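Encoded as structure tokens, the structure appears first; notes follow it.
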Amino acid sequence: MPDIRDNPPKGVLNRGWSASVGDYAIAGGWTRSGEALVVADAAGGIYAFDGKSGARAWVCQESHDGGLLDMAIHPSGTSFATAGQDGRVLVWGVAKGQVKQSIDVGKGWVENVAWSPDGRFLAASCARQVATFCKDGSEAWRSDDHPSTVSAIAWASADELATACYGRVTFFDASTGEAGQTLAWKGSLVSMALSPDGDIVACGSQDNSVHFWRRSTGMDSMMSGYPGKPSALAFDDAGTLLATSGGQVVTVWSFHGSGPEGTRPGALELHIESITTLVFARRSMRLASGGRDGAVVVWSLRKNGEGGAIGAAMVAGVVADLHWRMDGRALAALDAQGGVTVWRVG
């Protein structure tokens, strides 16, 4: 296997800008038109950078008591939400960094936060419950206790929210909170990704496997043999490819035709340590991966899941998060040393 530290491929990642935040750069996101990149660190610092130059527009320190855990940019791009160890969700304005709403979710850590695709609802998980909130910050509904801590949430559509925990994935009506379809699995689910049409549900499991269901048919299947927990999963916009972590190789399953059952996945080899994050560019077969080795790799894929590296670069620490700009012409990496690196993508 090639060593990225010694021989990184020349390719599509071109020099852009870099900056730093005060602690582990844990979460972030681009505004809709890419004019700003917002980054949060684990200590609760929030930073807004000019998307083109990297100049700091504003900063707010210690936003959450105890630390910050997650962030989600509103679909409009004008606001964003942060979740923290203090049991709160804060909704911010992007332009000036002012807090618009402070929402008390529960007494535990708020580990996951996500806007519905139409921006009408904000979902947040706290311990064993998930709750949704309206535009004015009022609570729309709250679930009963799940069997364990909610590990992941995702919107199947503007009308349906999915949650994952030990033993099951559950779908809730966005407006009423009524529980609908439940997908059972005897194991601890640590990650979740939904296909764009909401039909395919993929979850990484504590037992080093990926389990997936087709909601329309009720069929389910399992991909095993990973050396570690598949904590990073990503579908492309067409729902054809599912990229999975679980080691230092990116494994890509193709749902094209009758797959992935009975087919061999693509195996993308360049990282020398475990994959930490995966994300596809919008309307593209380009996949970005980040790893514990500090490497960021851009891959060009085919419908069968196979492909190759078309660009790579190194950052200072473990890659915590990757974010494509909406137009696919820029890629941002956040790392454990507090680094923020943006490349122009050719």
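Return the total of residues in the range 288-308 being part of a strand (DSSP E or B) and surrounded by fewer than 22 Cβ atoms within 10 Å (Cβ to Cβ). Steps first, please.
So in the range 288-308, the residues part of a strand (DSSP E or B) come out as 288-291, 295-301, 307-308.
Filter once more, so that each one left must be surrounded by fewer than 22 Cβ atoms within 10 Å (Cβ to Cβ): 300, 307-308.
Of the residues in the range 288-308, 3 are part of a strand (DSSP E or B) and surrounded by fewer than 22 Cβ atoms within 10 Å (Cβ to Cβ).
Within the range 78-101, how many residues are part of a loop (DSSP other than H, G, I, E, B) and over 23 Å from the mean Cα position of the chain (by Cα)?
Result for the range 78-101: 3.
Name every residue in the range 126-161 that is closer than 22 Å to S76 by Cα and assigned to a strand (DSSP E or B), in order of residue number.
At the first step, the residues of the range 126-161 found to be closer than 22 Å to S76 by Cα are 131-140, 153-161.
Listed by number, the residues that qualify are A131, T132, F133, E139, A140, I153, A154, W155, A156, S157, E160, L161.
For the range 268-320, name all the residues that are without any contact (Cβ under 8 Å) to a residue 40 or more places away in the chain, closer than 23 Å to S254 by Cβ and touching a strand residue (DSSP E or B) at 6+ places or on another chain (Cβ under 6 Å).
S300
Would you pick out the residues in the range 76-128 that are in contact with a Cys (Cβ under 6 Å, 6 or more places away or on another chain), surrounded by fewer than 24 Cβ atoms within 10 Å (Cβ to Cβ) and under 19 Å from E62 (Cβ atoms)?
To start, the set of residues in the range 76-128 that are in contact with a Cys (Cβ under 6 Å, 6 or more places away or on another chain) comprises 97, 105-106, 108, 110.
When the remaining residues are screened for being surrounded by fewer than 24 Cβ atoms within 10 Å (Cβ to Cβ), the result is 97, 106, 108.
Listed by number, the list holds a single entry, G97.
Need the failing condition index for P265 against (1) at positive phi; (2) crowded, with 20+ Cβ neighbours inside 10 Å, just the number.
(1)
Please enumerate the residues belonging to the range 327-336 that are surrounded by fewer than 16 Cβ atoms within 10 Å (Cβ to Cβ) and of a type outside the set (D, E, K, R).
G328
Hey, does the range 37-54 have a residue that's of a type in the set (D, E, K, R), surrounded by 17 or more Cβ atoms within 10 Å (Cβ to Cβ), at negative phi and out of contact with any helix residue (DSSP H, G or I) (no Cβ under 7 Å at 6 or more places or on another chain)?
Within the range 37-54, the first condition is being of a type in the set (D, E, K, R), and the residues that meet it are 41, 50, 52.
Pick out the ones that are also surrounded by 17 or more Cβ atoms within 10 Å (Cβ to Cβ) and you get 41.
Still in the list and also at negative phi: 41.
Remaining after also requiring out of contact with any helix residue (DSSP H, G or I) (no Cβ under 7 Å at 6 or more places or on another chain): 41.
Yes, there is a match, as at least one residue in the range 37-54 is of a type in the set (D, E, K, R), surrounded by 17 or more Cβ atoms within 10 Å (Cβ to Cβ), at negative phi and out of contact with any helix residue (DSSP H, G or I) (no Cβ under 7 Å at 6 or more places or on another chain).
Considering V94, V89, which residue is closer than 18 Å to V21 by Cα, among the aliphatic types (A, V, I, L, M) and modelled with pLDDT of 95 or more? It would help to see each step written out before you state the result.
Working: V89 fails: closer than 18 Å to V21 by Cα.
Exactly one of V94, V89 is closer than 18 Å to V21 by Cα, among the aliphatic types (A, V, I, L, M) and modelled with pLDDT of 95 or more, namely V94.
S224 - would you say it is within 14 Å of A156 (Cβ to Cβ) and over 14 Å from the mean Cα position of the chain (by Cα)? Please lay out each step first, then the result.
Numbers: within 14 Å of A156 (Cβ to Cβ): no; over 14 Å from the mean Cα position of the chain (by Cα): yes.
In short, no.
Out of (1) buried (at least 18 other Cβ atoms within 10 Å of the Cβ); (2) within 22 Å of V110 (Cβ to Cβ), what's the single condition that is false for S175?
(1)
Across the range 203-213, which residue is nearest to I272 (Cα to Cα) among those that are crowded, with 21+ Cβ neighbours inside 10 Å and hydrophobic (A, V, I, L, M, F, W, C)?
Taking the range 203-213 and keeping what is crowded, with 21+ Cβ neighbours inside 10 Å, we get 203-205, 210-212.
In the following step, the residues that additionally are hydrophobic (A, V, I, L, M, F, W, C) were identified as 203, 210, 212.
On the way: C203: 24, V210: 22, F212: 27 Å.
It comes out as V210.
For the range 214-239, which positions are at pLDDT below 95 and either assigned to a strand (DSSP E or B) or surrounded by 21 or more Cβ atoms within 10 Å (Cβ to Cβ) (or both)?
R214, D220, S221, M222, M223
Looking at the range 245-253, is at least one residue of a type in the set (V, I, T) and crowded, with 23+ Cβ neighbours inside 10 Å? Can you show your working first?
Filtering the range 245-253 down to residues of a type in the set (V, I, T) leaves 249-252.
Filter again for crowded, with 23+ Cβ neighbours inside 10 Å, leaving 250, 252.
Checked the range 245-253: at least one residue is of a type in the set (V, I, T) and crowded, with 23+ Cβ neighbours inside 10 Å.
The values are calculated or read from the model by the stated rules, or taken from the named source; none is laboratory data. Because the structure is predicted, anything quoted here is derived from the model rather than measured. Cβ sites come from the backbone with ideal geometry, for glycine too, and all protein chains shown count toward neighbours.
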